[in-house]
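Everything below concerns the one structure shown next.
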Amino acid sequence: MSQLTVLERLEILADAAKYDASCASSGTEKRNSKGGKGVGSTEGMGICHAYAPDGRCISLLKILLTNHCVFDCHYCINRKSSNVRRARFSPQEVVDLTLSFYRRNYIEGLFLSSGIVKSSSHTMEQLIEVARILREEHDFRGYIHLKTIPEADPELVARAGLYADRVSINVELPTVAGLTRLAPDKSAPQIEGAMGSLNEAIVEAKDARKRFRHAPKFAPAGQSTQMIVGADAATDADIVGRASTLYDRFRLRRVYYSAFSPIPDASAVLPLKRPPLMREHRLYQSDWLMRFYGYAPHEVQQAAGNDGMLPLDIDPKLAWALRFRGDFPVDVNRAPRERLLRVPGLGVKAVNALVAARRQRRLRLADVGKLTVSLTKVRPFIITEDWRPVLLTDRADLRRLVTPTARGTQLELFA
Amino acid sequence: MKHSLNPVPAQVFRISLAAPDDFEGWRDAARHMIRASIAADRIVWESPSDQTVDLFAQGERNLPSAPADTLQPRASRDFLQLAQSVMLHSDIERFSLMYRTLCRLQSRPRLMEDKADPDVRRMEDLARQVRRDIHKMRAFVRFRAVDESGSEHYVAWFEPEHHILRANAGFFVRRFTTMRWSILTPRGTLHWDGDRLQEGPPATRADAPSGDPVEALWRSYYASIFNPARLKVGAMLKEMPRKYWKNLPEAALIPELIAGAQAREAQMVKAGGQDFGDRPQSLNAIGEGILACRRCDIGCNGTRAVMGEGPQSAALMIVGEQPGDVEEEQGRPFVGPAGQLLRAHLESAGIADRRAYVTNAVKHFKFTPQGKRRLHQNPSAREIDVCRWWLDGERALVRPRIVLALGASAARSLLGKTVSVQKARGVPHVLDDGSELWITTHPSYLLRLQDQGRAEEETKFASGLRKVSVRLSEMSQ
């Protein structure tokens, strides 16, 4: 076989990596390259250096070390039985690519994953070697995200955290039945076991850092995971429940959702209908509700219909409000912050601004209008100095009044 | 009664700042003017890049003296923080906006908390635009490496919208401390030699290098990481507006990526899982369906599809790999040499084959012609997966309690993964519908073995069938 050039392999191995949704480079410790031998800095907020026409942020060089794989997961483009072109990079080649991209300010760092070659532990060793060369030989201080292989030796998984800012293991599918059917080589207990030990290592290292300043850092940006939406029978309520369990049990920073998308040379076992991209969006919104708006998982599940699915045409917060109209209207001048956060159309920023401003004076509808995008959406749910929605909250056609017109369907034109 | 307005036109003062981002200068002047009780509309502010076009606004350059006994004006911390960002905006009105707000702050110390106040809101807006510009500069500066006497010099051309260059220098110093770099902009330049930061005069695009070989790699990365099945142009434009494109090497690809996306997605869908429609409601419908099935290469090779056979109420389903030469000719499963061997073993295991439903994982015969003979070829994993649709249909209708898979292809068709027959045989596996799967070798494998090896394998085969027979009678009790 003729040797592929770096460019050709980059094409293959970036193409193979694009089904991982995460490209985040936020939330790690602050550091810079002053006094060092290499380049790199992280300042809390990650930077998106480019956006692809799929609207996704390109923050990291996201590639696989190799797309050869001994596993045969049906949803995966790199599965053993797929006919994609195969390629591999040596650890040094990945290091060189990362550095030359970083020096030109194309990226914040590296997100490295891999197909499984030889054995899980061998593959994990190779991934760690890339991170080690970057950190130790080049004193690279940018961001590193390593995808961890749950089947690998736990000691290796623990070593990954010493070099990486973030480690992640994909739970892949929200249900065990889905995993058995679509990822027959993977095991749910094994994945959760590995997430559990990563969590322990992260907590332990944080604790040690409190007492010993020079204790080694371990994955300062924590761990995250990803699940595929729409490839098995799980409902939105199932997925929300699963995500919240994962957040609780493993203190995950993020759960990423990836609407199952057509892949080249897909397995015949996959479902034929792809879920609407909007479904993924609604799940992210529900994730936000739990993380920033103080909703309990069962409350988000209440926003779903009887079939367990979140509505596609309106966001889950509005759906919840329409179900629990008795909780509204909320008095902008008096209600506690938590109640204001439940008002559809009011974000965290707007609520903070309202709370600060009402210390100054009584707020009127026009004041709220200045701080929100759409007053139409907010109005039925609030009381201000000069406004009280006498009948609105009880109107049967309220949903129609506050539903953004046909936006959901328009987005689907491209689906 | 209040004092009437001064009939003499109020004196206008002109204040020149040293630079458009000279916050110290603005603050000193503003403090002084507040102490001298000069209203905002009586001050014209200017800087080297903020020149008023108003010819009549000459204004007095000598500032009025402030009474000695007035207090220093006060500014809250959030005002100062916000004002430092607003200062960097390119809007010439920013100086008076800041001054007017500072004046109002003297009588309303908590004014800045009133986020709905028009002046506060305007300041917040300007500050937001500045912060965004700072962020976008960090994101979209693209260095190009120039080889200068053995060491690399990284040079970038960037066009910021606001006066953020100096404020943003620290970020690039912290990130690229060990590199030698320059950032050239129409508003000024920054040069870092690994040790010291120097500022220079405005530059033009022609001063910057025109290319870098690494950009080819970056462009191909950009094109490859894009998923054409999730086109969301609006989301991209929101964060990467067109005005930045001209200085981004990857942006030139965007139009063709968008244009090709739908075709690429359609291609993927076509090559991927295929729409078989609704599940057939009868075995006859499946039999007709497979005759017309052209969803894989075997289906298209012109052979006759072979349907399963046996009672629909069978408790046992036996699944082979695919029809062979004889089966294809006769159109019936397991009528060739392997089928005869299977029948003999079923007999001696006490499973009368009349009671079993026999079928194959793949319904067409895959072969390579050699002279007049047709040599059997293993179906690929993909071909098995495609044909699984039909087998799943048969299983749903027959609903056997035990499925016996003969060989690796049959096992894959039922488990969805490739397993080693030798490792998986001899124990039951539970299938998703609750039925039991037993796996053993394919009888044609036995036919290929000789002497000792054949005898050993046949013993194992027979014992496997006996276990199935025992389970069958256990279940029927």
Karplus-derived 3J(HN,Hα), 6.51/-1.76/1.60, for each residue of the range B:438-446, Hz, glycine and proline x: 10, 10, 8, 6, 7, x, 5, 5, 4
Over 28 Å (Cα to Cα) - which of A:Lys18/A:Lys118; A:Lys18/A:Lys206; A:Lys30/A:Lys147 fall in this group: A:Lys18/A:Lys206
Alpha carbon Rg of the range A:6-109, scaled by the compact-globule rule 2.2 N^0.38 Å: 1.20
Derived scalar couplings ³J(HN,Hα) [the range A:69-79; Karplus, 6.51 cos²θ - 1.76 cosθ + 1.60; whole Hz; x for Gly, Pro]: 8, 8, 8, 10, 7, 5, 7, 9, 5, 9, 4
Label point at A:Asn333 placed 7 Å out along Cα→Cβ; residues across the range A:346-373 whose backbone nitrogen lies under 13 Å: A:358-368
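Going through the range A:298-396, which trypsin sites (Lys or Arg not before Pro) have at most 13 other Cβ atoms within 10 Å and a DSSP loop state?
Details: sites: A:Lys317, A:Arg323, A:Arg325, A:Arg334, A:Arg337, A:Arg339, A:Arg342, A:Lys349, A:Arg358, A:Arg359, A:Arg361, A:Arg362, A:Arg364, A:Lys370, A:Lys377, A:Arg395; in loops: A:Arg334, A:Arg342, A:Arg358, A:Arg359, A:Arg361, A:Arg362, A:Arg364, A:Arg395.
Passing sites in the range A:298-396 are A:Arg334, A:Arg359, A:Arg361, A:Arg362, A:Arg395.
What value does the range B:329-429 have for Rg/Rh, both radii from Cα atoms and Rh as Kirkwood defines it? Don't skip to the end; give the middle numbers.
Values: Rg = 14.5 Å, Rh = 15.1 Å.
Taking Rh as the inverse mean 1/r over Cα pairs, Rg/Rh reads 0.96.
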Calculated FRET efficiency for the pair B:Gln422/A:Gln190, C-beta based, R₀ 30 Å, to 0.05: 0.80
Principal-axis tilt of helix B:94-107 within chain B, Cα atoms, nearest 10 degrees: 80 degrees
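Give the average, rounded to an integer, of partner chain Cβ atoms located within 10 angstrom of each Cβ in A:101-111. Kindly include the intermediate steps, with their values, before the conclusion.
Numbers: counts 4, 2, 10, 12, 13, 12, 2, 3, 0, 0, 0.
Counting other chains' Cβ atoms within 10 Å and averaging over A:101-111 gives 5.
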Under 24 Å from the Cα of B:Lys243 - lysines, other chains or at least 8 residues apart: B:Lys136, B:Lys232
Per-residue average of Cβ from other chains inside 10 Å of A:39-51: 6
Estimated inter-spin distance, B:Asp125 and B:Ile258, nm [label 7 Å along Cα→Cβ]: 2.7 nm
Delta accessible area of at least 40 Å² on complex formation, residues of the range B:224-239, 1.4 Å probe, chain isolated as reference: B:Ser224, B:Ile225, B:Phe226, B:Asn227, B:Ala229, B:Arg230, B:Leu231, B:Lys232, B:Met236
Accessible area per residue in Å² at 1.4 Å probe, computed on the range B:228-271: 51 Å²
Along principal axes, Cα extents of the range A:6-275, largest first, whole Å: 55, 43, 36
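Could you order the peptides A:247-258, A:45-56 from most to least packed, using the average number of other C-beta atoms within 10 Å per residue?
Numbers: A:247-258: 19.2, A:45-56: 22.0.
Final packing ranking: A:45-56, A:247-258.
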Shielding score for B:242-254, defined as the mean number of other chain Cβ atoms within 10 Å: 2
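What number does the range B:17-132 give for Rg over Rh if you use C-alpha atoms and the Kirkwood radius?
Details: Rg = 14.0 Å, Rh = 14.7 Å.
Rg divided by Rh gives 0.95.
For the protein assembly as shown, what % of the accessible area comes from carbon and sulfur atoms, probe 1.4 Å? Walk me through the numbers before you get to the answer.
On the way: 20890 of 40090 Å².
Its accessible area is 52 percent carbon and sulfur atoms.
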Sites A:Arg213 and B:Glu329, calculated FRET efficiency, Cβ-Cβ separation with R0 56 Å, nearest 0.05: 0.10
GNM result for chain A, Cα springs below 10 Å: residue of A:Phe89, A:Phe260, A:Phe324 fluctuating most strongly: A:Phe324
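To the nearest hundred square angstrom, how large is the accessible surface buried between B and A, total for both chains, probe 1.4 angstrom? The partial results should precede the final answer.
Details: alone 26590 and 20100 Å², together 40090 Å².
Chain pair B/A: roughly 6600 Å² of buried accessible area.
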Viscosity 1.306 mPa s, temperature 10 °C, Stokes-Einstein D of the protein assembly as shown from Kirkwood C-alpha radius, µm²/s: 49 µm²/s
Where no second cysteine Cβ lies under 4.7 Å, the cysteines concerned in the protein assembly as shown: A:Cys23, A:Cys69, B:Cys103, B:Cys293, B:Cys296, B:Cys300, B:Cys387
Euclidean distance of C-alpha centroids, the range B:162-227 and the range A:294-329, integer Å: 47 Å
Cross-link partners of B:Lys115 among lysines (Cα-Cα below 16 Å; sequence separation of 8 or more within a chain): A:Lys349, A:Lys370
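May I ask you to derive the FRET efficiency for A:His122 and B:Gln51 from their Cβ-Cβ distance with R0 = 51 Å, giving the value to the nearest 0.05?
On the way: r = 67 Å, r/R0 = 1.31.
Calculated transfer efficiency: 0.15.
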Once the Cα gyration tensor of chain B is diagonalised, semi-axes √(5λ) in Å: 85, 27, 20
Spatially proximal aspartates and glutamates relative to A:Lys34 (Cα-Cα < 15 Å; intrachain offsets below 8 disregarded): A:Glu43, A:Asp139, B:Asp193, B:Asp195
Net charge, B:Lys460 excluded, C-beta distance under 14 Å - Lys, Arg +1, Asp, Glu -1: +2
A:Asp248-A:Arg323 pseudo-label distance in nm [points 7 Å out on the Cα-to-Cβ vector]: 1.8 nm
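Figure the gain on full extension for B:Ala396 and B:Leu447 (residue separation times 0.36 nm, minus the Cα-Cα span) and round it to one decimal in nm. Show your work: numbers first, answer last.
Working: separation 51, 0.36 × 51 = 18.36 nm, distance 3.19 nm.
So the chain would gain 15.2 nm between B:Ala396 and B:Leu447.
Can you give the local net charge around A:Gln360? Use residues other than it whose beta-carbon is closer than 12 angstrom to its beta-carbon, Lys and Arg +1, Asp and Glu -1.
Residues close to A:Gln360 contribute a combined charge of +3.
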Average projection area in nm² (convex hull over Cα atoms of the range B:283-476, one quarter of hull surface): 10.4 nm²
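On average over all directions, what projected area in square nanometres does the range B:124-262 have, based on the convex hull of its Cα atoms? Don't skip to the answer; put the middle values down first.
Values: hull surface 38.9 nm².
Its Cα hull, projected and averaged over all orientations, spans 9.7 nm².
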Extension gain from A:Tyr284 to A:Val84, taking 0.36 nm per residue of separation minus the Cα-Cα distance: 68.9 nm
Separation of alpha-carbon centers, the range B:381-419 and the range B:314-374, rounded to whole Å: 15 Å
Principal axes of the range A:71-165: Cα extent on each, largest first, Å: 38, 30, 19
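The values are calculated or read from the model by the stated rules, or taken from the named source; none is laboratory data. Worth saying up front: this structure is predicted, and the values here are computed from it rather than measured. Here Cβ is always computed from backbone atoms with ideal geometry, including for glycine, and neighbour counts include all displayed protein chains. These accessible areas exclude ligands, DNA and RNA; they are computed on the full protein's heavy atoms, side chains included. Shrake-Rupley method; radii C 1.70, N 1.55, O 1.52, S 1.80 Å.
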